[in-house]
1. If you add up the charges near Ser244, with Lys and Arg at +1 and Asp and Glu at -1, over every other residue whose beta carbon is less than 13 angstrom from its beta carbon, what do you get?
2. Compare the peptides 345-357, 7-19, 136-148, 157-169 by average per-residue count of other Cβ atoms within 10 angstrom and give them in order, highest first.
3. So, in the chain, how many Lys pairs have Cα atoms under 30 Å apart, if the pair is 8 or more places apart or on different chains?
4. How do the peptides 124-134, 277-287 rank, highest first, by the average count of neighbouring beta carbon atoms within 10 Å per residue?
5. Quick one: putting +1 on the C-beta of Lys and Arg, -1 on the C-beta of Asp and Glu, what dipole do you get for the stretch 18-145 around its Cα centre, in Debye to the nearest 20?
6. Among Val146, Pro42, His252, whose Cα projects farthest towards the positive end of the dipole of the chain, with charges put on the beta-carbon of Lys, Arg (+1) and Asp, Glu (-1)?
7. Normalised by the empirical 2.2 N^0.38 Å for globular proteins, what value does the Cα Rg of the chain take?
8. Which is farthest toward the positive dipole end of the stretch 161-283 among Leu209, Leu224, His171, measuring Cα position about the Cα centre, with Cβ charges +1 (Lys, Arg) and -1 (Asp, Glu)?
Amino acid sequence: MKAVVSLNSGSSSIKFALYTLDTGQPPVFSAGGKIERIGLAPRLSIRQADGTVIYDRDWVDGAALTHGELLADLFAWAAEHVSGREIVAVGHRIVHGGTTFAAPCLVDDALLDALDALCPLAPLHQPHNLAAIRAIRRLQPTLAQVACFDTAFHHDKPEIASRLALPREMHEQGIRRYGFHGLSYEYIARRLRELDPDLASGRVITAHLGNGASLCAMHDGHSLDTTMGFTALDGLMMGTRCGSIDPGVVLHLQIQMGMSPQQVEHLLYQKSGLLGVSGISSDMRALASNPSSQAQEAIDLFAWRAARELCGLVASLGGIDGIVFTAGIGENDADLRRRICERLTWMGIELDQDANMANAGIISQPDARVRVLVIPTDEERMIALHTLNIVEGNV
Ligand code: ADP
């Protein structure tokens, strides 16, 4: 009677999921949720599989509570929730595995040191991922922890898709295109093989459109290219991130406008994207229900950029057999999917508008040359599967 926890720890939130394990069976989702507003007034909310909220707690005066203290609360709740079962391991989403880590690993001191060294490559994410591991080590020193890397799925993509057009020595120093959202893409590749094995063995572009957004060109379930590169800033326009921009803009902001590197970082990661262009919100739902021309322009730009980047990946793949939409926007926003696909009719993409409006599994016309699907992603399950594989070898 065992259980496993998946954790995705960020600067102001920690997402988690708890799975129960019975011999020979796939992990069963038991409950999951989020600690939000860390550093302000934290809130822990937990739902069970049918969506019912089973735990909800606010720390109104909790601005000083650390990630570690909040994780202690979460683990106390989890131990009680699975009473009679032993939590055998915690799996973590780790944003960066660098050039070395191409597969999930059991955490030990040497791994933590190696992952610390990668913090400069993902300064807004990696330190928080690692802080959660250390906090759990202090709480439960003997509990197995597994690091699952967002870069790993892209590790074996062709060399040409990894290279930036910079002097060679910089590539050797790790300044190269890594790619992210790998746990989501890996889950989708796996799920697509169950749902449509023919398509899964072909050329598929998966559009992970959430607050963070990227595209991945997959052939036979493997990443060949992706829109995020050295950092999770590259590629598509996102909720608050700019996506690809002329690097000359960064120079201009600093040299001509006198902004500090930290100010530029804040601008590009936190103030740009849908939020920057609309001046209203980073949230697609909020913009969709806002009739102002600024909100509509932000949505138009998001769709235009997505279609444009998608065409770039078609070139990387040498053609296209299918598109999979996933994550918050990709799974739920029929209008946005329509806006993107309408720009791609020339390549054989034709939506079945009723199926699209219903967020159905297959949303293309039956006789369309390119199949278009909506598949909900589940990064937490992917983390749980990897974690089990490492601690018990039983996936
Ligand atoms: P994260 O990257 O934080 O995991 P999500 O995958 O949850 O993000 O996606 C968040 C985005 O999805 C937000 O822009 C939100 O407005 C959008 N979204 C979620 N549900 C819907 C919906 N029903 N219709 C339109 N957009 C939605």
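1. Values: positive: Arg177, Arg241, Arg305, Arg308; negative: Asp234, Asp246, Glu309.
Charge balance near Ser244 sits at +1.
2. Details: 345-357: 15.4, 7-19: 21.0, 136-148: 17.7, 157-169: 12.2.
Highest mean packing first, the order is 7-19, 136-148, 345-357, 157-169.
3. 6
4. Values: 124-134: 19.5, 277-287: 17.5.
Descending packing order for the listed peptides: 124-134, 277-287.
5. Value, rounded to 20: 160 debye.
6. His252
7. So the Cα radius of gyration is 0.98 times the expected 2.2 N^0.38 Å.
8. His171
Computed from the coordinates by the stated procedures, all read-outs in this text should not be read as laboratory data. Keep in mind that what you see is a predicted model, and the values were worked out from it rather than measured. Note that each Cβ is placed from the backbone with ideal geometry, even for glycine, and that neighbours are counted across all protein chains shown.
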